[in-house]
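Taking it in order: structure first as structure tokens, then the write-up.
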Amino acid sequence: MDATMQSLKRRVAGGDPQAQRSLDRAHDRAGVCRIHPEQLLRGKTRFCRVCKALRKADLARERWIKEIVNTVYGRRQNRSVHPDGDFDKAGRWYPSDEEDQGDVTCNVRSPSRTWPYSYMLRARTKQHCRVLVEAALAGKDVPGDVASAVSRARASEPEGVAP
Ligand SMILES: [Zn+2]
């Protein structure tokens, strides 16, 4: 590596955006990956061998997570599983701490006598199922239906996909 490259890298490490752009251009000119400069790029490809492998692993993991989310969502939608929580005396439903994960009670208006299932509806959405699955993968406590879907998926995971 020549002196110019070395000083560029030092400036990039110091957070200089101008230096980052110069370094990127230098990699483009040399036909090497911006993230793995030891890897040559061939033709017009934007990803080197290493980047492609990482991307493939990311996509496989994303597919794996989506499958778990769909399982949890499907059961909650067809009412074979109910979100974890309790009704108060006025018939309003509130999620347990494991169910909530912060996204139910923060994003949705609180239930009222005329609208008692506002949290319950949110807890059945695919968006919330995704939050729960990610929480389970991060080792947090989640409702039983999510925990069992995740552990079943882990038992049959494709090699290297599950954390
Ligand atoms: Zn790369």
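Just so you know, all these numbers are worked out from the coordinates, no wet-lab data involved. What you see is a predicted model; the values in this text were computed from it and never measured. Cβ sites come from the backbone with ideal geometry, for glycine too, and all protein chains shown count toward neighbours.
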| Taking only the alpha carbons of the stretch 46-123, what extent do you get along each of the three principal axes, in Å, biggest first? | 60, 26, 19
| field | Table column - 3J(HN,Hα) (Hz), the stretch 108-120, Karplus curve with 6.51, -1.76, 1.60, x for Gly and Pro | value | 10, 5, 5, x, 10, 4, 8, 9, x, 10, 4, 5, 4
| request: Using the number of other C-beta atoms within 10 angstrom as an exposure proxy, rank Glu99, Glu157 with the fewest first. | output: Glu157, Glu99
| Quick one: His128, His36, fewest Cβ neighbours within 10 Å first, how do they rank? | His36, His128
| query | Given the options Ala30, Ala123, Ala135, which has the most mean-square fluctuation in a GNM of the chain, springs set between C-alpha atoms less than 10 angstrom apart? | reply | Ala30
| query | Given the pairs Lys9/Lys52; Lys9/Lys56; Lys89/Lys140, which span a C-alpha to C-alpha distance of over 27 angstrom in this model? | reply | Lys9/Lys56; Lys89/Lys140
| field | With 10 Å bins from 0: P(r) over the chain, alpha-carbon pairs, percent | value | 9, 26, 19, 16, 17, 9, 3, 0
| query | Of Gln127, Gln20, Gln101, which is the most mobile in a GNM of the chain whose springs link Cα atoms less than 10 angstrom apart? | reply | Gln20
| query | Can you tell which of Pro17, Pro37, Pro111 shows the greatest fluctuation in a Gaussian network model of the chain with Cα springs below 10 Å? | reply | Pro17
| request: As a check on your grasp of the helix formula, calculate [θ] at 222 nm for the chain: sum -39500 (n - 2.57) over DSSP H runs of n ≥ 4, divide by the residue count, round to the nearest 500. | output: -17500 deg cm²/dmol
| Least to most buried among Arg42, Arg130 (fewest other Cβ within 10 Å first) | Arg42, Arg130
